Amino acid sequence: MELSTLDYSIIIGFFAITLAIGLFVSRSSGKDTTEYFLSGRSMPWWLLGFSMVATTFSTDTPNLVTDLVRGSGVSGNWGWWAFLLTGLSTVFIYAKLWRKSNVLTDMEFYELRYGGKPARFLRGFRSVYLGFFFNVITLAAVNLAAIKIGGIMLGLTPIQTVLIGGIVTVIFSAIGGFKGVVYTDFILFFVAIVGAVGAAYYLVNLPEVGGITKMIQHENVADKISILPDFSDKEALITILIIPLAVQWWSSWYPGSEPGGGGYIAQRMLAAKNENHAIASTFFFNIMHYGVRPWPWILVALASLVVFPDVASIHEAFPNIEESKLGHDLAYSAMLTKLPSGLLGVVLASLGAAYMSTISTQLNWGSSYIVNDFYKQTLRKNASEKELVNMGRLSTVLLMVTSAILALLLTNAKQLFDILLMFGAGTGLVYILRWFWWRINAWSEISVMFAAAIISMVFTLSPLGDYLFGGHATDGTFTAGVFPSWATLPAIVVITTVIWLVVTYTTRPEDKNVLYSFYQKTQPGGPGWKKIVDQARAEDVNIVDGRQKWAVPSGILAMILGCILVYSCMFATGNWIYGNYPLAIGLTILILVSGILLAVVWNRMKKDII
């Protein structure tokens with residue numbers, strides 16, 4: 001595929017603007033760590049909301065969506081659509097708590113909520129565990145997607161792709177800090193959305209696809225378009241829909257969808273002007289992320305089934321692609337090669353935008369853990385602000401190099417999605433309850449973290465796991481286990497929950513002064529803190545702000561209404577596209593009704609936020 005002068009002009013112009021913004025804000029970003037990692041806690045909701053959406057555009061997300069659609073149909077996306085429940089619980093229950101905590105990173109939370117050596121260990125260990133190891137896996141997924149796009153669309157080798165993309169992004173991320181990330185994300189969002197929508201419209205209307213009506217009637221596509229799985233297929237129903245909605249969303253830690261909030265979402269909430277801005281930014285993100293944005297990717301994935309019905313046809317069209325990188329996720333990049341000049345430049349710029357936005361966010365977020373929660377706390381407690389900012393820039397480079405090396409060794413996006421889900425399985429309940437139950441201590445989190453990782457590996461990578469839940473033999477066949485394969489996640493959740501509860505009740509509670517201080521600062525409220533509130537009152541210690549009501553009941557109601565609103569947006573968009581107009585109209589009315597009710601509840605909640 002050859003790019004025209006117009007294509008090159010669009011791409012070069014976009015990268016020039018991005019680097020210019022990074023250079024422009026570099027002076028203020030380098031003043032101290034609060035500026036470098038949180039932009040002085042002064043960001044408005046709309047800027048943070050656009051930044052979250054731009055960050056999760058990514059280059060690996062359309063590849064993952066394509067892999068899921070081609071393998072399991074549109075309904076296969078429930079594996080990540082179910083995380084909307086996690087996202088909206090963060091919006092309406094946890095956002096204001098995070099903002100009240102006033103920590104620099106969510107790792108700093110550990111020494112606010114817990115005390116002593118266990119809290120210090122937890123903060124230091126998880127800062128490296130998440131900020132480096134987990135973060136490198138996430139970054140590798142994005143780099144892997146870039147490798148596939150560069151290989152198919154530009155004929156670049158994997159090493160050439162990661163060098164070109166990595167060098168530009170690392171320079172921008174290292175000098176611009178969080179402010180540079182957020183400012184450019186605003187531009188990146190519009191470039192990315194125009195590219196995604198433009199590509200979907202053009203590719204669905206290719207002569208060989210024939211438009212939306214012919215496409216959804218095509219024999220390769222007709223059984224893939226349903227938003228819900230086939231209810232007559234019990235295995236698919238449980239695996240694709242029931243497990244994600246009933247268990248996965250609250251039990252599994254996943255980057256960007258952490259139960260109780262965390263990661264780069266928490267970073268943006270902590271950077272907000274106040275609690276209302278934190279809530280508004282995360283709500284806007286969830287509407288766009290789940291309700292609207294997936295459809296351009298889904299349409300390209302469906303169209304690809306007409307043009308490239310299987311992996312062999314992709315390999316035939318692109319024989320230079322390494323066999324180790326072949327997979328259904330390549331179909332997205334393969335379809336983009338059919339775009340005309342001009343639109344091709346916009347789409348490539350949009351993919352570059354998605355790549356830079358995600359990589360820069362992950363680098364800045366991971367670097368904040370390494371610097372603030374490991375380097376400063378463990379190695380250089382008296383380090384100057386200038387030294388910490390320089391260490392942040394150095395760790396940014398280290399993260400990028402490590403993730404690029406890992407990306408060269410991997411095969412497809414879903415492979416990494418499954419790895420991340422595996423290591424986070426069973427941990428979510430602790431992260432949800434630690435805000436609202438005084439008895440949870442540092443040992444609760446330490447035990448669940450190690451138990452989840454060990455049990456997940458045993459159940460998914462060992463012969464015991466194959467015996468219990470089935471597995472793939474060397475000849476490619478699947479051997480049934482004692483229990484159905486969908487029972488793996490529930491089993492991990494049950495065992496890890498028993499372990500952390502036993503550890504919680506057999507270890508000493510946190511010191512009362514630590515609990516008093518945490519409650520006084522964040523005001524979590526609820527029956528789970530009644531014993532501590534009563535104890536403080538008996539000692540004549542005032543830890544309760546009488547002006548504030550317990551917001552969780554209203555938050556849960558808002559969360560339910562928000563889920564109805566966003567899922568209705570998603571279903572309505574799909575049915576408008578498919579031409580199912582009566583159902584689309586009904587869902588649109590449901591959007592309006594749930595939106596009005598949510599506005600009423602939200603306005604009532606805002607009055608309770610001081």
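Only one residue of ILE240, PRO259, ILE227 has its Cα farthest out toward the positive end of the dipole of the stretch 217-269, where Lys and Arg carry +1 and Asp and Glu -1 on Cβ, and that residue is PRO259.
The listed peptides 380-388, 446-454, 459-467, ordered by packing as a protection proxy, come out as 446-454, 459-467, 380-388 (highest mean of other Cβ atoms within 10 Å first). Going down the table (LYS148/LYS376; LYS386/LYS512; LYS376/LYS530; LYS179/LYS381), which pairs top 29 Å between alpha carbons? As for pairs spanning more than 29 Å Cα to Cα, those are LYS148/LYS376; LYS386/LYS512; LYS376/LYS530.
Loop-located trypsin sites (Lys or Arg not before Pro) in the stretch 246-325 (DSSP state other than H, G, I, E, B) with a sparse environment of at most 11 neighbouring Cβ atoms within 10 Å are absent. Taking the average, over residues, of other Cβ atoms within 10 Å as the packing measure, peptides 211-219, 87-95 rank 87-95, 211-219 from highest down.
Taken one residue at a time, the phi angles of the stretch 131-143 give Karplus couplings (6.51, -1.76, 1.60, θ = phi - 60°) of x, 10, 5, 5, 5, 4, 5, 5, 4, 5, 4, 5, 5 Hz. Gly and Pro are set to x. Here the stretch 204-269 and the stretch 327-398 have alpha carbon centers that stand 26 Å from each other. About its Cα centre, the dipole of the chain is roughly 2320 debye, where the only charges are +1 on Lys and Arg Cβ and -1 on Asp and Glu Cβ.
For the peptides 586-596, 562-572, the ranking by packing is 562-572, 586-596, with the highest mean count of neighbouring Cβ atoms within 10 Å listed first.
Calculated [222 nm] ellipticity per residue, helices only, for the chain: -21000 deg cm²/dmol; basis is -39500 (n - 2.57) per DSSP H run with n ≥ 4, divided by all residues, nearest 500. For the charge dipole of the chain, defined by +1 on Lys and Arg C-beta atoms and -1 on Asp and Glu C-beta atoms about the Cα centroid, which residue among SER75, LEU104, PRO309 has the Cα displaced farthest towards the positive pole? The residue sitting most towards the positive pole is LEU104.
For the stretch 1-414, the convex hull drawn through the C-alpha positions has a volume of 129 cubic angstrom per residue. Over the chain, what is the relative contact order in percent, taking alpha-carbon pairs closer than 8 angstrom and at least six residues apart? With pairs under 8 Å counted, the relative contact order is 25 percent.
Every read-out reported here was derived from the displayed coordinates using simple, explicitly stated rules and does not represent laboratory data. What you see is a predicted model, and the numbers here were worked out from it, not measured in a lab. Here Cβ is always computed from backbone atoms with ideal geometry, including for glycine, and neighbour counts include all displayed protein chains.
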